Amino acid sequence: MTCLLTDFIIFLLGLLLIIGVLTTKFSSWLGVPSLVFYILVGMILSKFIYYDNAFLTQIVGIFALIIILFEGGMNTKWNTLKKVLVPASSLATFGVLITAICVGIFAKYILHVSWAEGFLLGAIVSSTDAAAIFATLGSVNVKRRLSATLEAESGMNDPMAVILTLSLITFIQQPELTISHTFLSFIWQIVIGILVGLGLGKLTVWCLNKINLDSSGLYPTLSLSFAILSYSIAALLKGSGFLSVYIMGVFVGNAQLVYRHSIFRFNEGLAWMMQIFMFILLGLLVFPNELVKVAWEGVALAILLIVVARPISVMISTINMNFSIKEKLFLSWAGLKGAVPIVLATYPLISNIENSQLIFNIVFFIVLISALIQGSTTPFLAKHLGLLLGEKREVAHSLELMSTTKANKEIVEVHISNKQSHLLNMTISQLPLPKDCLITAIIRNDKIITPKGNVRLRENDVVYILIEKGRRSEIYKIFSITEDTSF
């Protein structure tokens, strides 16, 4: 009987993943974010499966956030991030705090809960979601400063929301704690998170590049293992594990890595899988009869968060930062909610906080309405406000050296732009490439060009070069590429 139950659960997990992946196709047809479909799948399944294990959901959620934050950090370009570090940091700290305060005030009078419980709800829904924003902005070419600010903010504000949530739960459970003690704990979590993230990031890069593993498939696994280790070490030291993971992801993603594409694609797929599971679990955890009782309160708070709290936080957090009113409106509207509030909403449940189930039900409405309304209209708003730069173009091909044995070669990807003007129209045979270096392919207008000696380089070409490991810097020097991974 136990074996049969285990087989059924495994079958169900596989079925859920297939349904989750297929819903992404339906969402693109209907113009509705796939996150909404994941929730609906969970709610439909709740009719047949009784699930109310908040503890298990929290464990799965923490693991999911580690993967999502690590993947988000790896996709954050440091050269782009440092240009928007000030506004993104302001939104990720002061913006989160202002949002939590505003929602807390609304919750106090709409839900008739205590001030502490109101601010707890505000903290839970105060951050934006990296995966949701990446998915929403992925199909449109928004001004780079805006998209970079949103992406950086969504990666950095999750740890802030977690710290606020845990601090408020501790304050509710131990009201004798002073504000100064809570503040010092807050600073400690941030400092430890940054230090552990940087330390593990450097260790991860060193291990990935120096250790020769027998299988290329082990490199993505090794990188993820270090991300989990980064979270656990920071958490054991009473620091912010999520901040540590994000900092580590940024460091690793901007470093020179072997099997770079394999590592990125592995974590991208895994992040999608965890996102699917989290939203399906959200649908499983809610009970429709309880949702009906707080429907108008949930909808009211969701709307107030979208049209009042978030805009106020953006307007204040970006004062004197050279954003136009249209750009601030877009930053306000694009603050989508996602997996983080779902995970954080389980903390009050496990801690037996009064009104914890009410808080969870309200979080459901906020996440659902945010995904449904903001997620489906953000690209349209960007176009309406004149913030698009035209059609978004991406390289449709990528190359990487894969070997079943230990290899001493790697593929370097180079994008030809106006920075390489001294090389434009130069033939491949004329390039001053190092000895034993070989151009394996050129991508031009989404087509693969055979790299013959008389082929001339053009702007927007993507060149793939085979070279010995450890000599990547020689290629960067020839093509005037600066690899900046310093913090």
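The values are calculated or read from the model by the stated rules, or taken from the named source; none is laboratory data. Quick caveat: nothing in here was measured; it's all calculated off a predicted structure. Using ideal geometry, Cβ is built from the backbone for each residue, glycine included, and neighbour counts are taken over all protein chains shown. Just the protein is used for accessible areas: all its heavy atoms, side chains included, with ligands, DNA and RNA removed. Shrake-Rupley method; radii C 1.70, N 1.55, O 1.52, S 1.80 Å.
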Top to bottom by accessible area (1.4 Å), largest first, where do ARG444, ARG456, ARG310 land?
ARG456, ARG444, ARG310
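Rounded, prolate or oblate for region 270-354? Axes are the square roots of the Cα gyration tensor eigenvalues, ordered a ≥ b ≥ c, and the cut-off for rounded is a/c under 1.5. Walk me through the numbers on the way to the answer.
Values: a/c = 2.34, a/b = 1.70, b/c = 1.38.
Since a/c reaches 1.5 and a/b is larger than b/c, the shape of region 270-354 is classed as prolate.
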What does the charge count near LEU385 come to, summing +1 for each Lys or Arg and -1 for each Asp or Glu among other residues with Cβ under 13 Å from its Cβ?
+3
So what is the orientation-averaged projected area of region 60-200, using the convex hull of its C-alpha atoms, in nm²?
9.9 nm²
For HIS415 the rounded accessible area (nearest 10 Å², probe 1.4 Å, non-protein molecules ignored) is 90 Å²
Using a probe of 1.4 angstrom, how much of the accessible area of the chain is carbon and sulfur, in percent?
65 percent
Listed residue (ALA382, GLY72, VAL286) projecting farthest to the positive dipole end of the chain, Cβ model
ALA382
Evaluate E = 1/(1 + (r/R0)^6) for THR182 and ALA295, where r is the Cβ-Cβ distance and R0 equals 30 Å; express this FRET efficiency to the nearest 0.05.
0.30
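Take the cross-link list LYS77/LYS452; LYS435/LYS469; LYS77/LYS202; LYS409/LYS477 and give me the ones stretching past 21 Å between alpha-carbons.
Numbers: LYS77/LYS452 32 Å; LYS435/LYS469 13 Å; LYS77/LYS202 16 Å; LYS409/LYS477 18 Å.
Pairs exceeding 21 Å: LYS77/LYS452.
Write down the accessible area per residue of the chain in Å², having rolled a 1.4 Å probe over the full set of protein chains. Write down the numbers at each step before the final one.
Details: 22310 Å² over 487 residues.
Ligands and nucleic acids excluded, the figure is 46 Å² per residue.
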Computed about the Cα centre, the charge dipole of the chain from +1 Lys/Arg and -1 Asp/Glu charges at the Cβ has a magnitude in debye, to the nearest 20, of 1460 debye
Judged on accessible area alone, 1.4 Å probe, highest first, LYS452, LYS383, LYS409 line up as LYS383, LYS452, LYS409
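Ranked highest first by average number of other Cβ atoms within 10 Å, how do 191-202, 151-162 line up?
On the way: 191-202: 21.2, 151-162: 28.1.
By packing density, highest mean first, the sequence is 151-162, 191-202.
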How big is the accessible area of ARG144 in square angstrom, nearest 10, if you roll a 1.4 angstrom probe over the protein chains?
110 Å²
Applying the Karplus parametrisation 6.51 cos²θ - 1.76 cosθ + 1.60 with θ = phi - 60° to the phi angles of region 40-52, what ³J(HN,Hα) value in whole Hz is obtained for each residue in order, glycine and proline being reported as x?
5, 4, x, 5, 5, 5, 5, 5, 10, 10, 8, 9, 9
Full extension from PHE48 to ILE316: what is 0.36 nm times the residue separation minus their Cα-Cα distance, to one decimal in nm?
91.8 nm
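Rounded, prolate or oblate: pick one for region 228-275, where a ≥ b ≥ c are the square roots of the eigenvalues of its C-alpha gyration tensor, a/c under 1.5 means rounded, and failing that, prolate if a/b is larger than b/c, else oblate. Could the numbers behind the result be given before it?
Working: a/c = 2.87, a/b = 1.54, b/c = 1.86.
Oblate, since a/c reaches 1.5 and b/c is not below a/b.
Quote the FRET efficiency, to the nearest 0.05, computed for GLU474 versus PHE380 with a Förster distance R0 of 56 Å and r equal to the Cβ-Cβ distance.
On the way: r = 47 Å, r/R0 = 0.83.
The computed FRET efficiency comes out at 0.75.
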Taking Cα atoms, how many degrees apart are the long axis of helix 241-253 and the longest axis of the chain, rounded to 10 and kept between 0 and 90?
20 degrees
Extent of region 204-316 along each principal axis, from alpha carbon coordinates, in Å, largest to smallest?
58, 37, 29
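Decide, for region 42-119, between rounded, prolate and oblate: order the square roots of the alpha carbon gyration tensor eigenvalues as a ≥ b ≥ c, take rounded if a/c falls under 1.5, and otherwise choose prolate if a/b is larger than b/c, else oblate. Present the calculation step by step, with values, prior to reporting the outcome.
Working: a/c = 3.10, a/b = 1.21, b/c = 2.56.
Oblate, since a/c reaches 1.5 and b/c is not below a/b.
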Zone residues, region 174-206, relative to SER225, backbone N less than 15 Å from point 7 Å out along Cα-to-Cβ
203-206
Please compute the Cα-Cα pair-distance distribution of the chain with 20 Å bins starting at 0, giving whole percents from short to long.
22, 54, 22, 2
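Determine the relative contact order of the chain: mean sequence separation of Cα pairs under 8 Å and six or more apart, normalised by residue count, in whole percent. Show your work: numbers first, answer last.
On the way: 743 pairs, mean separation 106.2, N = 487.
Relative CO of the chain lands at 22 percent.
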Extend 7 Å from the Cα of GLU354 along its Cα-to-C-beta direction; within region 83-117, residues with backbone N under 20 Å of that point are 104-117
Once each part is reduced to its C-alpha centroid, what is the distance from region 313-329 to region 40-90 in angstrom?
26 Å
Taking only Cα atoms, what is the 0 to 90° angle, nearest 10, from helix 144-173's long axis to the longest principal axis of the chain?
40 degrees
